[in-house]
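I have placed the structure first, in the form of structure tokens, so that the comments after it can refer back to it.
The values are calculated or read from the model by the stated rules, or taken from the named source; none is laboratory data. Everything numeric here is computed off the predicted structure, so don't read it as measured data. Cβ placement follows ideal geometry from the backbone for every residue including glycine, while neighbour counts extend to all protein chains displayed. What goes into the accessible areas is simple: the full protein's heavy atoms, side chains included, and nothing from ligands, DNA or RNA. Shrake-Rupley method; radii C 1.70, N 1.55, O 1.52, S 1.80 Å.
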Amino acid sequence: MLRLASLTSSNSDILAALGAAGWVVAADSHSDAPGLEGARRVGPDLNIDVAAVAEARPDLVLASLSVPGMERVVQALGEAGLPTLVLDPVSVAETLADMRTIARAIGLPEQGEALVSDFQNELAALRGSYPRPPRVLVEWWPRPIIAATRDSWVTELLSALGAENALGEQPGRSRPLTLDEVRAARPDLIVCSWCGARKLRPEVIEARGLGVPVSAIHESGLGRPGPRLLEGARALRQALDALRLP
């Protein structure tokens, strides 16, 4: 059994779904996947105690550049001579590929294929039928307003559900927006999925006066490129079905 270190929630979720959470000897403080009770906590993802990771003697460290700013941590892991697998998905397809990559790296390729297959089947079953693709804006942060743009797994996830990213034509993974730019995006639905927030407050978005329905979905369902994107997809499907499209 390998000794693993997981430094981002998305990779911890993948390991748990593969049945390998018990192999994790070190984890970041944000990871909340079941089965990590025996892991040493080594700090938040952007402030990892690399020395503590090394003390846990992992055979493999899993990191991810999907968390902005993790480049410094990855560099420090390399300088410490720790064997590291770095993931950086920007789409659902790349997220599924990473599930396979992690599964192969830890010697569980069959479990990886099963995980990917189950994900694809459920996502396909969640596709809705609408008069036109609902335009959805997924907000990562409220002040300044930061939302997912074209190069985000959110775009592909919404497309699979029969909807579209209201910012899908804007390059990048995310970007700050003015209120006028939010209005110009003509969203039919705004999703409050603030990353790192202790409490989601959709009423803050509603108070902007845009007259657009707001749905709250925890970042674990939309902000982590891993198997829990299905949680976000289920919640999105429910919110989309409740819309009254003009």
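Structure above, values below:
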read-out: So Ser66, is it open to solvent by 40 Å² or more (accessible area, probe 1.4 Å), part of a loop (DSSP other than H, G, I, E, B) and among the hydroxyl-bearing types (Ser, Thr, Tyr); value: no
read-out: Some residue of the stretch 120-129 being part of a loop (DSSP other than H, G, I, E, B), touching an Asp or Glu at 6+ places or on another chain (Cβ under 9 Å) and within 20 Å of Arg234 (Cα to Cα); value: yes
read-out: Of residues in the stretch 203-223 being in contact with a strand residue (DSSP E or B) (Cβ under 6 Å, 6 or more places away or on another chain) and small (Gly, Ala, Ser), the one least open to solvent (accessible area, probe 1.4 Å); value: Ser215
read-out: Filter result (under 19 Å from the mean Cα position of the chain (by Cα) and either surrounded by fewer than 17 Cβ atoms within 10 Å (Cβ to Cβ) or closer than 23 Å to His30 by Cβ (or both)) within the stretch 183-197; value: Val191, Cys192, Ser193, Trp194, Cys195, Gly196, Ala197
read-out: Options Leu157, Leu115, Leu200; residue that is under 22 Å from Pro68 (Cα atoms) and buried (at least 22 other Cβ atoms within 10 Å of the Cβ); value: Leu157
read-out: Residue match in the stretch 88-102 (condition: open to solvent by 60 Å² or more (accessible area, probe 1.4 Å), farther than 30 Å from Pro213 by Cα and in contact with a Ser or Thr (Cβ under 9 Å, 6 or more places away or on another chain)); value: yes
read-out: Complete set of residues in the stretch 130-145 that are open to solvent by less than 30 Å² (accessible area, probe 1.4 Å) and outside any strand (DSSP E or B); value: Pro134
read-out: Residues within the stretch 32-82 that are over 14 Å from Leu4 (Cβ atoms) and among the β-branched types (Val, Ile, Thr), tallied; value: 5
read-out: Residue in the stretch 168-182 that is surrounded by fewer than 19 Cβ atoms within 10 Å (Cβ to Cβ) and of a type in the set (A, V, I, L, M) present; value: yes
read-out: Scope the stretch 191-206; condition modelled with pLDDT under 95 and farther than 18 Å from Ser174 by Cα; matching residues; value: Arg198, Lys199
read-out: From the options Asp188, Asp180, residue that is closer than 22 Å to Arg208 by Cα, modelled with pLDDT of 95 or more, touching a Lys or Arg at 6+ places or on another chain (Cβ under 7 Å) and of a type in the set (D, E, K, R); value: Asp188
read-out: Test: Leu236 is of a type in the set (A, V, I, L, M), in a loop (DSSP other than H, G, I, E, B) and surrounded by 15 or more Cβ atoms within 10 Å (Cβ to Cβ); value: no
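To keep it simple, each residue is scored yes or no on (1) touching a residue at least 24 places away in the same chain (Cβ under 8 Å); (2) under 17 Å from Gly223 (Cα atoms).
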position	(1), (2)
Ala51	yes, no
Glu55	no, no
Val61	yes, no
Gly69	no, yes
Leu82	yes, no
Leu96	yes, yes
Ile102	yes, no
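Listed here are the residues, each with its yes/no results for (1) within 17 Å of Val92 (Cα to Cα); (2) in contact (Cβ under 8 Å) with a residue 40 or more places away in the chain; (3) not polar (S, T, N, Q); (4) not in a loop (DSSP other than H, G, I, E, B).
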residue	(1), (2), (3), (4)
Ala147	no, no, yes, yes
Leu157	yes, yes, yes, yes
Glu169	no, no, yes, no
Gly172	yes, no, yes, no
Arg175	no, no, yes, yes
Val191	no, yes, yes, yes
Gly209	no, no, yes, no
